[in-house]
Amino acid sequence: MQPGAVVTYTCDVASVTTLIANVAFVEGTALDGTLRTDDDDATVSPIGVGGTGSIGDTVWADENGNGIQDNGEKGIANAKVTVTFVSGPAAVFVTQASQVATTDANGRYLAVGLVEGVWEPELDLNSVEGTLTTPGVYTIQLAAGEQYLDADFGLEGSLPVTGSDVDRFTQIGLVSLLAGGALVLLTIVARQPRWRTKD
């Protein structure tokens with residue numbers, strides 16, 4: 001190799017899972033005949049890779065408690081599901097080991113960009129009300145690029161968000177109840193017989 005020459009070596013891998021250290025060492029004779037040496041090191045840090053898999057799909061109000069989303073059973077909005085990476089092939093390394101997905105107005109959630117391996121979606125019980133009628137966490141072996149949409153969570157005794165103002169309807173109901181009670185009381189008073197005494 002001539003003085004000043006540069007050689008570049010390229011390593012093409014899908015991902016780097018551990019720290020790689022490479023040391024270059026050169027030895028040569030200078031123009032004055034003396035032996036010269038030099039070395040230099042380079043390190044490659046772990047590189048996270050994204051995937052194309054995804055996990056979902058619904059958190060719903062299980063009105064009959066059978067663990068199945070039947071017709072008419074609505075989704076629960078703003079429920080949180082944490083999807084956590086458990087393990088995978090030796091070549092897989094993820095920088096984001098978990099992500100939190102929040103359900104939309106229809107109770108749907110979707111965690112995306114997942115690599116192949118074992119993932120666990122778990123419903124955050126602090127984000128919902130009611131009693132689970134399904135498992136609270138699933139263990140899923142996700143294939144590369146797979147879309148798994150059966151990690152559903154049912155809750156009995158919960159009220160789905162329908163877009164209606166529940167507090168307003170509660171107030172209207174109470175006012176109607178009080179007004180009806182007052183009307184019944186007036187009717188009873190009005191129908192009481194009036195006794196007359198004879199002179």
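Here is how the numbers come out for the structure above:
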| quantity | calculated |
| --- | --- |
| Residue within region 47-70 that is loosely packed, with under 13 Cβ neighbours inside 10 Å and either over 30 Å from Thr102 (Cβ atoms) or modelled with pLDDT under 65 (or both) present | yes |
| Hey, Thr43 at pLDDT below 80, touching a Leu at 6+ places or on another chain (Cβ under 7 Å) and either surrounded by fewer than 14 Cβ atoms within 10 Å (Cβ to Cβ) or not in a strand (DSSP E or B) (or both) or not | yes |
| Identity of the residue in region 71-86, within 19 Å of Gln99 (Cα to Cα) and not small (Gly, Ala, Ser), that ends up farthest from the chain's Cα centre (by Cα) | Val86 |
| When residues of region 97-123 are limited to those that are part of a loop (DSSP other than H, G, I, E, B) and under 9 Å from the mean Cα position of the chain (by Cα), the one surrounded by the most Cβ atoms within 10 Å (Cβ to Cβ) | Thr103 |
| Boolean, Thr37 is at pLDDT 80 or above, assigned to a strand (DSSP E or B) and over 30 Å from Glu156 (Cβ atoms) | yes |
| Selection status of Thr162, modelled with pLDDT under 95 and either in a loop (DSSP other than H, G, I, E, B) or surrounded by 15 or more Cβ atoms within 10 Å (Cβ to Cβ) (or both) | yes |
| Some residue of region 73-86 being within 17 Å of Gly157 (Cα to Cα), part of a loop (DSSP other than H, G, I, E, B) and charged (D, E, K, R) | yes |
| Within region 86-98, tally of residues that are closer than 10 Å to Gly51 by Cβ and either modelled with pLDDT of 85 or more or of a type in the set (Gly, Ala, Ser) (or both) | 1 |
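The values are calculated or read from the model by the stated rules, or taken from the named source; none is laboratory data. From a predicted model like this one, the values you see are computed outputs, not experimental measurements. With ideal geometry, Cβ positions are generated from the backbone for all residues, glycine too; neighbour counts draw on all protein chains shown.
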